Amino acid sequence: MLSSNEKIKFRILLSVFAIMIPCLIYIICGLYHLQITEHEKYLLLAKRTYTATLKRDGKRGEIFSNDKFTLIANHPYVRLIADATHMEIAEHEQKAARLCADKLQMDYNGVLKKIRRKIIVRDRNGKEKRDSNGNLQLRKAPYIPLSRELSLSQKAELEKIIDEQNIKGLYFEHAYKRYYPKGSMLAPILGFTIYNNGRETPSFGIEKAMEKYLSPESAKALVEISRDGRKLIHGLSEDLSVKDGKNVYLTIREPIQAIVEDEIEKAFVEWKAKAVYAVLLDPKTGNIWAMAQRPTFDPNNRKTITAESTRPRIIADVMEPGSIIKPFSVAFAVDNNIVTPDTIIDCENGYWIYRGKPLTDSHRIGKVSVTEVIKQSSNIGTAKIGIMMGANNVYNNLRKFGFGQKTGIPLSPESNGILNHPSKWDGLTISRVPMGYALNVTPIQMVRAYGALADHGNLRKIRLIDRIEDTETKEVTVMPYEPPVQVFKNPETWDKIVTMMAQVTGPGGTARQAAVKGYEVAGKTGTSRKYSAGGYSRQYFASFVGFVPAHDPAFVLLVTVDAPKGRSYYGGTVSGPVFRAIAERTLKYLNIAPTVVKEEKKGK
């Protein structure tokens with residue numbers, strides 16, 4: 001038996017065990033909770049004390065012309081970023097803000113506000129976390145872009161100060177910004193990017209339309225830092241790979257684009273116009289070789305940007321086309337044997353009353369052939385041909401050439417234009433639509449339709465994007481060519497309409513100033529009054545559109561001057577010379593031989 005002392009000792013031992021075992025169990029459960037259940041949480045908290053997250057951006061894809069001239073490039077630079085999770089006290093935040101204010105001329109309070117801004121805590125699935133009271137959990141931001149661009153000398157100076165003054169939570173990273181080596185060339189079509197939340201965000205134009213190809217993949221790197229917040233050269237580094245965006249090649253041919261830009265700039269200044277635009281198209285492929293407009297801007301200098309200069313007028317603006325629409329109705333009438341080029345039309349000596357309303361020509365024209373109707377641009381003659389066709393045929397024919405519907409060019413916003421169904425026409429509309437009133441078209445629609453007139457009636461899909469290049473694999477994807485739609489029933493129609501249109505720039509035609517020496521030009525002038533609230537104004541659209549050489553076209557070209565001021569407002573006088581200047585230079589660049597043999601001078 002145990003002695004009384006031994007019994008006492010045994011009871012004491014049991015008491016100790018009774019107290020220690022629950023404590024031990026509690027400690028074990030606590031350790032299990034910390035090491036297993038809450039492992040990820042406390043590991044993350046621990047990592048924040050000795051790691052920093054650095055972001056790495058891939059390069060945005062670049063944009064090139066078809067002939068490999070760089071239109072939009074990337075320029076490398078260094079930027080300053082902050083990790084507020086390593087700024088433990090207010091003094092750390094203040095020192096960082098003071099450095100930015102003193103050395104980078106940034107607003108001290110603005111920087112301080114950025115650093116102190118809290119972000120929402122989210123779980124791995126991106127779901128917002130809340131506390132026991134239902135309030136959103138907030139924390140300091142680990143990645144805060146402070147300055148967009150620093151020179152190498154600025155970086156060196158800042159690094160020295162950060163080291164000397166032991167400023168915590170500031171880092172440098174390499175990134176890229178957009179650069180436009182051609183300045184204002186093609187600017188309203190290319191668009192630009194805006195620096196937003198640490199990355200280049202497309203605003204409009206090709207930049208926005210091709211975002212899914214141009215956009216790079218970004219990644220973050222977790223780096224180990226010292227207790228004072230500086231990155232360690234040898235330490236933890238979970239560096240994730242990035243993927244650069246793909247390069248985009250347009251159908252644009254840079255030398256031709258430069259010619260068009262140069263000539264419309266001259267016209268913009270000479271005619272003190274509200275706007276000028278031009279489009280040059282290869283009718284055999286549907287490729288746009290050049291498209292330009294004024295006013296424009298230089299994306300390298302954002303102070304030059306205005307709402308008027310950024311709107312893509314060639315696809316978004318609409319106008320009543322005037323006489324440049326006339327060849328389409330005449331082509332249908334010829335194609336369906338309603339008239340021939342020699343059919344005589346009474347143009348009423350320039351004044352005709354239809355349904356109680358007068359219709360006039362710019363000069364007195366009597367009984368003339370259909371060829372002369374086109375050559376002299378008779379409104380009355382064209383209206384009579386339209387009436388002979390009938391409303392449904394006029395409407396369906398213009399729809400067949402693509403009017404009243406989008407071309408599908410990969411830009412926005414593209415307008416449909418306006419071509420109302422005959423059920424909405426009044427009694428006069430049948431006489432107005434064939435001569436270019438009571439409908440609205442876009443420049444890109446008109447160029448595409450003239451491409452069909454130039455290419456034996458083949459209406460083609462517009463192409464602006466030629467190919468996409470993967471910068472990593474060098475794999476090239478060519479955008480498909482869609483088969484054309486034939487708009488003529490009779491193959492002979494093409495030659496007949498082209499021969500008539502070639503008279504426009506010949507002797508007695510309305511566009512002698514669009515004639516190109518040594519070449520036969522097929523085209524049409526257009527002069528239409530601008531409509532505004534309350535009726536037609538005293539301002540005009542002056543246009544010329546055509547193709548050259550007429551029977552084997554190298555290109556189709558549209559030139560429109562919006563609201564010219566000065567000695568004239570007629571398409572032949574205002575836009576004809578611009579067409580000629582662009583055509584002459586482009587034919588020379590393309591090395592297209594003259595098609596008209598010079599007549600030998602008689603005598604000495």
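Each reported figure results from applying straightforward, stated rules to the coordinates on display, with no laboratory input. Predicted model, so just to flag it, every value in this text is computed and none were measured. Because the Cβ atoms are built from the backbone with ideal geometry, glycine has one as well, and the counts that use them run over all protein chains shown.
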**Request:** Order these peptides, 71-83, 295-307, by their mean beta-carbon neighbour count within 10 angstrom, highest first.
**Result:** 71-83, 295-307
**Lys/Arg +1, Asp/Glu -1 at C-beta; the chain dipole; positive extreme among Gly390, Ile72, Gln137** = Gln137
**Request:** Would you mind telling me the antiparallel percentage of the DSSP bridges in the chain, rounded to 5?
**Result:** 95
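To the nearest 500 deg cm²/dmol, what mean residue ellipticity at 222 nm is calculated for the chain from DSSP H runs of n ≥ 4 alone, each contributing -39,500 (n - 2.57), summed and divided by the residues? All intermediate terms of the calculation are to be shown ahead of the outcome.
On the way: 20 runs with 200 residues, N = 604.
Result for the chain, helices only: -9500 deg cm²/dmol.
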**Asked** When the Cα centres of the stretch 311-365 and the stretch 80-133 are compared, how far apart do they sit, in Å?
**Response** 68
**Complete:** Per the stretch 62-184, sqrt(5λ) over the Cα gyration tensor eigenvalues, sorted largest first, in Å, gives 33, 24, 11
**Asked** Could you work out Rg/(2.2 N^0.38 Å) for the chain, with Rg from alpha carbons only?
**Response** 1.44
**Asked** Can you pick out the pairs among Lys406/Lys474; Lys95/Lys140; Lys375/Lys461; Lys384/Lys496; Lys272/Lys375 whose Cα atoms lie more than 22 Å from each other?
**Response** Lys406/Lys474; Lys375/Lys461; Lys272/Lys375
